[in-house]
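Take a look at the structure below.
The values are calculated or read from the model by the stated rules, or taken from the named source; none is laboratory data. Since the model is a prediction, treat every value here as computed from it, not as a measurement. Here the Cβ is made from the backbone with ideal geometry for all residues, glycine too, and neighbour counts use every protein chain on show. For the accessible areas, the whole protein counts, side chains as well, though only heavy atoms, and no ligand, DNA or RNA atoms are used. Shrake-Rupley method; radii C 1.70, N 1.55, O 1.52, S 1.80 Å.
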Amino acid sequence: MNKAGSEQSKLPQPLWLLAELTYACPLQCPYCSNPLDFAKYKKELATDDWIRVMREAREMGATQLGFSGGEPLVRTDLEELIAEARQLGFYTNLITSGVGMDEKRIKAFKDAGLDHIQVSFQASSEELNNFIAGTDAFQHKLEMARLVKKYGYPMVLCFVLHRRNEDQIRDILELAITLEADYVELATTQYYGWAYHNREQLIPTREQLLHAEQVAKEYQEKMKGKMRIFYVIPDYFENRPKRCMDGWGHVFLTITPDGTALPCHAARQLPGLEFPNVKNHNIEWIWNDSPDFNKFRGLDWMKEPCRSCPEKEKDLGGCRCQAYMLTGDARNADPVCDKSPHHHELVATIDRVGKLAGTPEFEAKPILFRNPKNSKKITSDKETLPA
């Protein structure tokens, strides 16, 4: 350790390791959290590199491990990584679309010691699900969800909500009941990556949101003791920000396919930061000593109004990435907060987008689907995020 013992002891240790194994994915979801320029990151960590990362993170105290992507099923060494994670003592979670999985592979995951499989759906109807996914995946997802249940895993379903499917929320929850889900995450779209680029097409209206919240509460009561339903109001519609990722470099450690280490999955977009890579540094140095992992830890980095806010230790100023995307400065208060001088701009955006719903102007604007072709176009055009 390079820091003094007293100073070092104050740092939290990572509890959650998110292993983004690959950016490759058979789906083309327009709300994907992968970076817009993901196509330029071609060289993925090798199996041995991932095993070393897992060992070092476990030695640091990490207990939860999520295998994510892209689509982690694309990795042919996934079973080997799961088995190693089991030996190290991780609780493991596979976050997947289900595309690329079959009964043989589910059984192999079980034999390797995988604890948890979360299957994502894009909608409750086959037509809309396949449109958003950019491929005919709905029937396969249904089959995989049933097999997950058959092999004794907790049935965990994830539906990403946005304007296109928000009105299906009752049908979504009925589908979850039909599939005998144990947990349902109604994961409101977070506007990073591709979702930010497509936000005019994805932000729900206030009326949609009110209806969705009412239906979610109805089913939470109806299914109490049978199925747990998680629903969170989207950030953009709140007056106070959330404590993003439970604090910068506090609990979560993300490793991207090329080995870049991040305090959250969206942090790579922040200008002026050069995050370390596991090819060059071990996890202990990255977590404890990397300048950029310490950049927004604590409270010293704060500007007004956060610096003098009595709630600053509760929300830590909100999300640094959201602050950057909406104000151009990652040190600013998250504009979700109504104390932010930029809050009125966010409210105006929501109102403007809401008025566009159903108009010819809205219908005429295409969604940009997440795929390598569009990623390369964005990179070549040097497109900036919309204001």
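Residue check: G69 meets all listed conditions (1) among the small types (G, A, S); (2) open to solvent by 60 Å² or more (accessible area, probe 1.4 Å); (3) modelled with pLDDT of 95 or more but one, namely (2). Tell me the residue from A145, A123, A62, A83 that is more than 22 Å from L15 (Cα to Cα) and either open to solvent by 10 Å² or more (accessible area, probe 1.4 Å) or outside any helix (DSSP H, G or I) (or both), please. So the residue among A145, A123, A62, A83 that is more than 22 Å from L15 (Cα to Cα) and either open to solvent by 10 Å² or more (accessible area, probe 1.4 Å) or outside any helix (DSSP H, G or I) (or both) is A123. Each residue in region 267-279 was checked for being closer than 15 Å to Y324 by Cβ and either open to solvent by 10 Å² or more (accessible area, probe 1.4 Å) or of a type in the set (K, R) (or both), and 6 of them qualify. One residue stands out among those in region 180-206 that are aliphatic (A, V, I, L, M) and more than 18 Å from I95 (Cα to Cα): the one that is surrounded by the fewest Cβ atoms within 10 Å (Cβ to Cβ), which is A195. Taking the listed residues D111, D136, the one that is in contact with a helix residue (DSSP H, G or I) (Cβ under 9 Å, 6 or more places away or on another chain), charged (D, E, K, R) and in a loop (DSSP other than H, G, I, E, B) is D136, with no other qualifying. Among what's in region 163-178 and is touching a strand residue (DSSP E or B) at 6+ places or on another chain (Cβ under 8 Å) and open to solvent by less than 10 Å² (accessible area, probe 1.4 Å), pick the residue that is farthest from D115 (Cα to Cα). Here the residue is N165.
For every residue, the table says whether it meets (1) modelled with pLDDT of 95 or more; (2) among the basic types (K, R); (3) in contact with a Phe, Trp or Tyr (Cβ under 9 Å, 6 or more places away or on another chain); (4) within 15 Å of K242 (Cα to Cα).
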position	(1), (2), (3), (4)
C264	no, no, yes, yes
P271	no, no, yes, no
E274	no, no, no, no
W285	yes, no, no, no
P305	yes, no, no, no
R320	yes, yes, yes, yes
A330	yes, no, yes, no
H343	yes, no, no, yes
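For region 267-324, taking the residues that are without any contact (Cβ under 8 Å) to a residue 60 or more places away in the chain and in a helix (DSSP H, G or I), the one that is nearest to the chain's Cα centre (by Cα) is identified as A267. If I ask for residues that are under 14 Å from Y196 (Cα atoms) and not hydrophobic (A, V, I, L, M, F, W, C), which ones from region 315-326 would you list? Scanning region 315-326 gives Q322, Y324.
Pull up region 91-112, narrow it to residues that are under 24 Å from the mean Cα position of the chain (by Cα) and open to solvent by 10 Å² or more (accessible area, probe 1.4 Å), then point me to the one that is farthest from L161 (Cα to Cα). First the steps, then the outcome.
Kept after step one, since they are under 24 Å from the mean Cα position of the chain (by Cα), are these residues of region 91-112: 91-101, 106, 109.
In the following step, the residues that additionally are open to solvent by 10 Å² or more (accessible area, probe 1.4 Å) were identified as 91, 93, 95, 99-100.
On the way: Y91: 27, N93: 21, I95: 17, V99: 20, G100: 23 Å.
That would be Y91.
When the helices (runs of 4 or more DSSP H) confined to region 171-225 are screened for residues that are within 25 Å of C32 (Cα to Cα) and among the aliphatic types (A, V, I, L, M), those reaching at least 3 such residues are found at 206-222. Answer yes or no: is there a residue in region 236-253 that is part of a loop (DSSP other than H, G, I, E, B), more than 17 Å from the chain's Cα centre (by Cα), within 24 Å of Y196 (Cβ to Cβ) and acidic (D, E). Checking region 236-253: at least one residue is part of a loop (DSSP other than H, G, I, E, B), more than 17 Å from the chain's Cα centre (by Cα), within 24 Å of Y196 (Cβ to Cβ) and acidic (D, E). Exactly one residue out of T188, T260 is within 23 Å of A357 (Cα to Cα) and β-branched (V, I, T): that is T188. Residues considered: A348, A330. Of these, the only one that is over 23 Å from the mean Cα position of the chain (by Cα) and either buried (at least 18 other Cβ atoms within 10 Å of the Cβ) or among the small types (G, A, S) (or both) is A348.
Looking only at residues in region 207-240 that are open to solvent by 60 Å² or more (accessible area, probe 1.4 Å) and of a type in the set (A, V, I, L, M), the one that is farthest from Q190 (Cα to Cα) is L210.
In region 280-327, the residue that is farthest from A267 (Cα to Cα) out of those that are among the hydrophobic types (A, V, I, L, M, F, W, C) and surrounded by fewer than 18 Cβ atoms within 10 Å (Cβ to Cβ) is C309.
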